[in-house]
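**Q** Sharing a structure with you now.
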Amino acid sequence: MRRRDFTAGLLLGTAVGTVRARVPTKQHRIAIITTQPVATIDDPTIPVFRAFFEELRRLGDVEGPNLAVERYSGGGSPAVYPDLARELVARSPDVIVAIGNPITYEVSAATGKIPIVWIGPDPIRAGFAKSFARPGGNITGVSMFDAEFDAKRLQILKEAAPSASKVAYLTMRRTWEASRQAYLPAYQQASQRLQISLTPMLLQEATPSEIQHAFAEIAPDPPDAIMAAGIGELIPYRQLIVGLVEKSRLPAMYGLRDFVEAGGLMAYEVDFGEAARRMADDVHEILKGANPGDIPIYQSTRFTLVINLKAAHTLGLTLPPALLGRADEVIE
């Protein structure tokens, strides 16, 4: 009897050992929330997401084996952001990756506990962090640009079109209203220095009809040039926007190179590959147990100027040799 008990116990012990050997590596859960269509997260042509997942894989965080990734999209409709953020938070992921300030406002309002890795402009003025070195709270990430960056874009546009005195700025209404107080002094200083008046072209939602309506509104009294914000909501409609700008025969400065690749004149943007890798590093550290409030916010220092000479020729625009010489990439 004892021998039978011993044998059964030995077999049970072996079975338990086998089960333990087959227990998979713990699977962490991250949630990515963006204002862009959710399909862009898996689009290999979008540099920020491609670099983000490549860096995670390099660090050993691989979707499927040990990482579950949930994807959420606000679709460029600010009215849905609060409910979407609450829905995401209710699922309690280990880390939330928030793309852009408008969506991050809602996520941070929905949770003060779940770690958030964010990418967007000016975390101090946005109220996401106490300082770059020690953000505190539950948010860290990458600061892409600030008011001075947009002022620099305006300066480059003026170099390309020296006679321009009135520039229309295409952006989301919510983005403009949220940043106006913080950015207005820099815009005013740049406008006065460059002798330019900056007029906002505000979209309530990022839809083709809203974009077409915005361009129709400026048609009776057209500006001399257009500057488009470097925000994710506009990416899905880059072909439409570039087409409307070309139809208007106006020089334009874009915030993302995607628009230049779609035929636009020029873009001045941060190095999104570098920014995305920094975000992935933060996610990895948090999954290992780091406190987001102790992880310094990285401030982008690498920027890229891309110029499309074909677009310049179409506009009959002769760009200064000095500006072409400073370009990081010139598309013939």
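The values are calculated or read from the model by the stated rules, or taken from the named source; none is laboratory data. Keep in mind that this is a model prediction, so the values were computed, not measured. When we count neighbours, we look across all protein chains shown, and the Cβ atoms used for this are built from the backbone with ideal geometry, even at glycine.
**Q** Looking only at residues in region 45-62 that are out of contact with any helix residue (DSSP H, G or I) (no Cβ under 7 Å at 6 or more places or on another chain) and not aromatic (Phe, Trp, Tyr), which one is farthest from ARG278 (Cα to Cα)? So that I can check it myself, show each step before the final result.
**A** Here is the first cut: in region 45-62, the residues out of contact with any helix residue (DSSP H, G or I) (no Cβ under 7 Å at 6 or more places or on another chain) are 45, 50, 53-54, 57-58, 60, 62.
Now drop any that are not not aromatic (Phe, Trp, Tyr), which leaves 45, 50, 54, 57-58, 60, 62.
Details: THR45: 19, ARG50: 13, GLU54: 12, ARG57: 13, ARG58: 13, GLY60: 15, VAL62: 17 Å.
Here the residue is THR45.
**Q** Okay, moving on. Quick one: how many residues across region 80-102 are in contact with a Ser or Thr (Cβ under 6 Å, 6 or more places away or on another chain) and either surrounded by fewer than 19 Cβ atoms within 10 Å (Cβ to Cβ) or at pLDDT 95 or above (or both)?
**A** Result for region 80-102: 2.
**Q** What about TYR268, is it within 20 Å of the chain's Cα centre (by Cα) and surrounded by fewer than 23 Cβ atoms within 10 Å (Cβ to Cβ)? Don't jump to the end; show me each part of the working.
**A** Numbers: within 20 Å of the chain's Cα centre (by Cα): yes; surrounded by fewer than 23 Cβ atoms within 10 Å (Cβ to Cβ): no.
No: the conditions fail for TYR268.
**Q** It is to be established whether one or more residues within region 91-107 are over 20 Å from VAL142 (Cβ atoms), assigned to a loop (DSSP other than H, G, I, E, B) and within 20 Å of the chain's Cα centre (by Cα).
**A** Residues of region 91-107 over 20 Å from VAL142 (Cβ atoms): 91-92.
Of the ones still in play, those that are also assigned to a loop (DSSP other than H, G, I, E, B) are 91-92.
The next check asks that each one be within 20 Å of the chain's Cα centre (by Cα); those that pass are none.
Checking region 91-107: not a single residue is over 20 Å from VAL142 (Cβ atoms), assigned to a loop (DSSP other than H, G, I, E, B) and within 20 Å of the chain's Cα centre (by Cα).
**Q** List every residue pair whose Cβ atoms lie under 6 Å apart, where the two residues are 6 or more positions apart in sequence or sit on different chains, the first residue falls within region 248-266 and is over 17 Å from ALA214 (Cα atoms), and the second residue, located anywhere, is of a type in the set (Val, Ile, Thr).
**A** Sorted first by the residue in region 248-266, then by its partner, the pairs are ARG257/VAL306; ASP258/ILE235; PHE259/VAL242; VAL260/VAL306; ALA262/VAL242; GLY263/VAL242; GLY264/VAL242; MET266/ILE307.
**Q** While we're looking at this one, here's another question. Among the residues of region 123-144, how many are out of contact with any helix residue (DSSP H, G or I) (no Cβ under 6 Å at 6 or more places or on another chain) and surrounded by fewer than 16 Cβ atoms within 10 Å (Cβ to Cβ)?
**A** Of the residues in that region, 7 qualify.
**Q** List the number of the failed condition for ALA290; all other conditions in (1) of a type in the set (Gly, Ala, Ser); (2) within 30 Å of ARG57 (Cβ to Cβ); (3) buried (at least 21 other Cβ atoms within 10 Å of the Cβ) hold.
**A** Answer for ALA290: the failing condition is (3).
**Q** Which of the residues that make up region 298-316 are surrounded by 16 or more Cβ atoms within 10 Å (Cβ to Cβ) and over 20 Å from GLY230 (Cα atoms)?
**A** Matches in region 298-316: LEU309, ALA312, LEU315.
**Q** What number of residues within region 108-130 satisfy the criterion of being outside any helix (DSSP H, G or I) and modelled with pLDDT of 95 or more? So that I can check it myself, show each step before the final result.
**A** Looking only at region 108-130, we keep the residues that are outside any helix (DSSP H, G or I), and these are 111-122, 127-130.
Checking which are modelled with pLDDT of 95 or more leaves us with 111-118.
Residues in region 108-130 being outside any helix (DSSP H, G or I) and modelled with pLDDT of 95 or more: 8 in total.
**Q** Residue by residue through region 53-79, note down the ones that are farther than 14 Å from GLY100 by Cβ, of a type outside the set (D, E, K, R) and surrounded by 15 or more Cβ atoms within 10 Å (Cβ to Cβ).
**A** Filtering region 53-79 for residues farther than 14 Å from GLY100 by Cβ gives 53-71, 79.
With the extra rule that they be of a type outside the set (D, E, K, R), the set shrinks to 53, 56, 59-60, 62, 64-69, 79.
Correct list: PHE53, LEU56, LEU59, LEU67, VAL69.
**Q** Here's a follow-up. Taking the stated definitions as given, is ALA182 modelled with pLDDT of 95 or more, assigned to a helix (DSSP H, G or I) and surrounded by fewer than 20 Cβ atoms within 10 Å (Cβ to Cβ)? Reasoning before the result, please.
**A** Values: modelled with pLDDT of 95 or more: no; assigned to a helix (DSSP H, G or I): yes; surrounded by fewer than 20 Cβ atoms within 10 Å (Cβ to Cβ): yes.
Spelling it out, it is not the case that ALA182 is modelled with pLDDT of 95 or more, assigned to a helix (DSSP H, G or I) and surrounded by fewer than 20 Cβ atoms within 10 Å (Cβ to Cβ).
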